[in-house]
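Inspection log for the structure reproduced underneath, given as structure tokens.
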Amino acid sequence: MFGQIVVACLKPGHLPLAAKVIQRYAHVPAPPFSQPKPTFEVKLARFIVALSVPLIGILGYQSYRVEKEHENHPRQPYIDYDHLYAHRKARRLPYGDGLRTPFHNPYRNALPGIGYETEDPYVTKMKAEGKEPESH
């Protein structure tokens, strides 16, 4: 078909013939498009996504609830175990003051030999309410 168009266009004086050929073949309707049937892999992927997205939401909410419950209890007391911080006492960290990591959290992470840097918010809240905080 393309060869006929090219040959017709190359012949001198046959431009109307080429125009007729182009006009004839340019407006041919395309065959109807039908969706291919999904393969097993596609069905499996859809099932996994449909199962995992709600599961991630449910488990995320559950872990949030459990973490919020920790606010109602005091944190563990600091105990200076020699074997845990032996590497920091022998050689300090190469940045900052040598004790704190880049991800140091003053509430959660105790410093070796010093302990926690901040007071426990649970104890502060209980003292403000005039109650005796529970201990471990």
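Read the figures in this text as sums done on the coordinates, not as results from a lab. All values reported here derive from a predicted model rather than from experimental measurement.
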Under the Karplus relation with 6.51, -1.76 and 1.60 and θ = phi - 60°, whole-Hz ³J(HN,Hα) for the stretch 94-105, x at Gly and Pro, equal x, 9, x, 8, x, 9, 9, 7, x, 10, 5, 10
For the stretch 68-74, take each phi angle, set θ = phi - 60°, evaluate the Karplus expression 6.51 cos²θ - 1.76 cosθ + 1.60, and give the result in whole Hz per residue in order, putting x for glycine and proline.
5, 5, 5, 5, 8, 9, x
May I ask you to evaluate 6.51 cos²θ - 1.76 cosθ + 1.60, the Karplus curve with θ = phi - 60°, for each residue of the stretch 56-67 and list the ³J(HN,Hα) values in order in whole Hz, giving x for glycine and proline?
4, x, 5, 5, x, 5, 5, 5, 5, 4, 5, 5
